[in-house]
Amino acid sequence: MSEKQLTILVPIYNEEDCIPLFYKKMDAFLANTTLSCQVLLINDGSADNSVSLIIDKCRSDAMYNYIDLDKNYGLSTAIKAGFDTCTTPYLAYIDSDLQTAPEDLE
């Protein structure tokens, strides 16, 4: 596949209940988009099982990567960590609780 052009930032804090549906929706978006994308999951110090779900997804799907912050710093810091890590020319942001659906990115 060609070099990635878009990174989708996804801050996550204690969202273990939302993550499976998020993956389902994001996977469907990635399968149908013409954009060359990667998803950067940013664990913002979750105390639940979110980090395990994140690690499992990243191990099984090369379109997903993650950052694991050592404690909860808040949404702004999580997004900034994503900005600082991103190497693609374009960025998008979406919440893991699906307040905005992945199909809204197009």
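The values are calculated or read from the model by the stated rules, or taken from the named source; none is laboratory data. Please read all numbers here as calculations on a predicted model, not as lab measurements. Glycine gets a Cβ as well: all are built from the backbone with ideal geometry, and neighbour counts include every protein chain shown. Just the protein is used for accessible areas: all its heavy atoms, side chains included, with ligands, DNA and RNA removed. Shrake-Rupley method; radii C 1.70, N 1.55, O 1.52, S 1.80 Å.
Some points to look at:
- Nearest-10 value in Å² for the accessible area of Tyr93, using the 1.4 Å probe: 90
- Gaussian network model of the chain, springs between alpha carbon atoms under 10 Å - residue of Gly74, Gly82, Gly45 with greatest fluctuation: Gly74
- In the chain, the DSSP-assigned H stretches of four residues or longer account for a calculated mean residue ellipticity at 222 nm of -10500 deg cm²/dmol, using -39500 (n - 2.57) per stretch and the full residue count as denominator.
- Using alpha-carbon coordinates, inclination of helix 75-85 to the longest axis of the chain, degrees: 50
- The dipole here belongs to the chain: it is taken about the Cα centre, uses +1 on the Cβ of Lys and Arg and -1 on the Cβ of Asp and Glu, and is about 260 debye.
- Rounded if a/c under 1.5, otherwise prolate or oblate - region 1-46, Cα gyration tensor axes: oblate
- Count, lysine Cα pairs under 19 Å in the chain, 8 or more residues apart or across chains: 4
- Taking 0.36 nm per residue of separation and subtracting the current Cα-Cα distance, fully stretching the chain between Thr85 and Asn72 would add 2.9 nm.
- Of the residues Pro11, Tyr66, Ser76, the one whose Cα sits farthest towards the positive end of the charge dipole of the chain is Tyr66 (charges of +1 on Lys and Arg Cβ, -1 on Asp and Glu Cβ, taken about the Cα centre).
- Residue among Thr87, Ala31, Ser50 farthest towards the positive dipole end of the chain, charges placed on Cβ: Thr87
- Carbon + sulfur, % of accessible area of the chain - ligands and nucleic acids excluded, 1.4 Å: 49
- By definition, a body whose alpha carbon gyration tensor gives a ≥ b ≥ c is rounded when a/c is under 1.5, and region 35-106 falls into this rounded group.
- Ranking of Leu35, Leu9 by solvent-accessible surface, largest first: Leu35, Leu9 (1.4 Å probe, protein heavy atoms only, all chains present).
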